[in-house]
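Student: Below is one structure. I have some questions about it.
The values are calculated or read from the model by the stated rules, or taken from the named source; none is laboratory data. The structure displayed is predicted, hence computed values, not measured ones. Every residue, glycine among them, receives a Cβ derived from its backbone with ideal geometry; neighbour counts consider all protein chains shown. Remember, those area values only see protein heavy atoms, side chains included, never the ligands or the DNA or RNA. Shrake-Rupley method; radii C 1.70, N 1.55, O 1.52, S 1.80 Å.
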Amino acid sequence: MTRSGPQSTELEQLRRLIQERTADLQRIKAEYDNYRKRVRRDRLAVREIAVANVLKALLPVLDAVDRACANEPLTPGLRDIADSLQEQLGSLGVTSFGEVGDRFDPACHDALTHHVVPDADQLVCSAVLRPGYRLGESLLRPAAVEVTGPAPPSRSASTPECGVRDASAPAGKPPLPVSRS
């Protein structure tokens, strides 16, 4: 049996139509899978941001409890509150950082004072005024520290003085203050 001309072309058209519809369905399925993955990723990101915001709001409470433990006689109730707060924050992945002797890192430390030591070769945290906190790898709050180390590099003639706007600086922003020790 041989196929006749009109039946053969009709069969070929149907096969081509099936292939087109199959390709369309595969494309739509891939788009839907990507959409589901994107929504899942966005939900996780929103959750992480919400958790970080709640934890940032609790950091002053943690500071107050730490100050109370350092300056007040430790009652069993105060000790229980401090331990419970530390345990719960630790279970969420919150870690504190900032120790005397740590190398100064401007990405995670706020230097509030700088004590110049001429023979020092690097900046070191000489006092921790307020600990910093991380949630996993993200920074919740930088540590406030006093820094000891070499003098900052001398200012060049191209660096503007305090209150003098550089011509390349944006017009709407005030100049950054320059502290001199």
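Results for (1) of a type in the set (Val, Ile, Thr); (2) at negative phi; (3) modelled with pLDDT of 95 or more, shown as yes or no for each residue.
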| residue | (1), (2), (3) |
| --- | --- |
| Ser8 | no, yes, no |
| Lys37 | no, yes, yes |
| Arg40 | no, yes, yes |
| Arg47 | no, yes, no |
| Asn53 | no, yes, no |
| Val61 | yes, yes, no |
| Ala64 | no, yes, no |
| Ala70 | no, yes, no |
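Student: Of the conditions (1) at pLDDT 95 or above; (2) on the phi > 0 side of the Ramachandran plot, Gly93 clears all except one; give me its number.
Tutor: Single failed check for Gly93: (1).
Student: Taking the stated definitions as given, is Asp33 modelled with pLDDT of 95 or more, among the acidic types (Asp, Glu), open to solvent by 70 Å² or more (accessible area, probe 1.4 Å) and assigned to a helix (DSSP H, G or I)?
Tutor: no
Student: Please find, within the range 51-65, the residue that is farthest from the chain's Cα centre (by Cα) out of those that are without any contact (Cβ under 8 Å) to a residue 24 or more places away in the chain and open to solvent by 50 Å² or more (accessible area, probe 1.4 Å).
Tutor: Pro60
Student: Only one of (1) open to solvent by 100 Å² or more (accessible area, probe 1.4 Å); (2) at pLDDT below 90; (3) in a helix (DSSP H, G or I) fails for Arg3. Which number is that?
Tutor: The single condition Arg3 does not satisfy is (3).
Student: Among the residues of the range 115-137, which ones are modelled with pLDDT of 90 or more, of a type outside the set (Lys, Arg) and under 30 Å from Ile49 (Cα atoms)?
Tutor: Within the range 115-137, Cys125, Val128, Leu129, Pro131, Gly132, Tyr133, Leu135 qualify.
Student: Oh, and also: Out of Arg141, Arg134, Arg103, Arg130, report the one residue that is open to solvent by less than 40 Å² (accessible area, probe 1.4 Å) and among the basic types (Lys, Arg).
Tutor: Working: Arg134 fails: open to solvent by less than 40 Å² (accessible area, probe 1.4 Å); Arg103 fails: open to solvent by less than 40 Å² (accessible area, probe 1.4 Å); Arg130 fails: open to solvent by less than 40 Å² (accessible area, probe 1.4 Å).
Among Arg141, Arg134, Arg103, Arg130, only Arg141 is open to solvent by less than 40 Å² (accessible area, probe 1.4 Å) and among the basic types (Lys, Arg).
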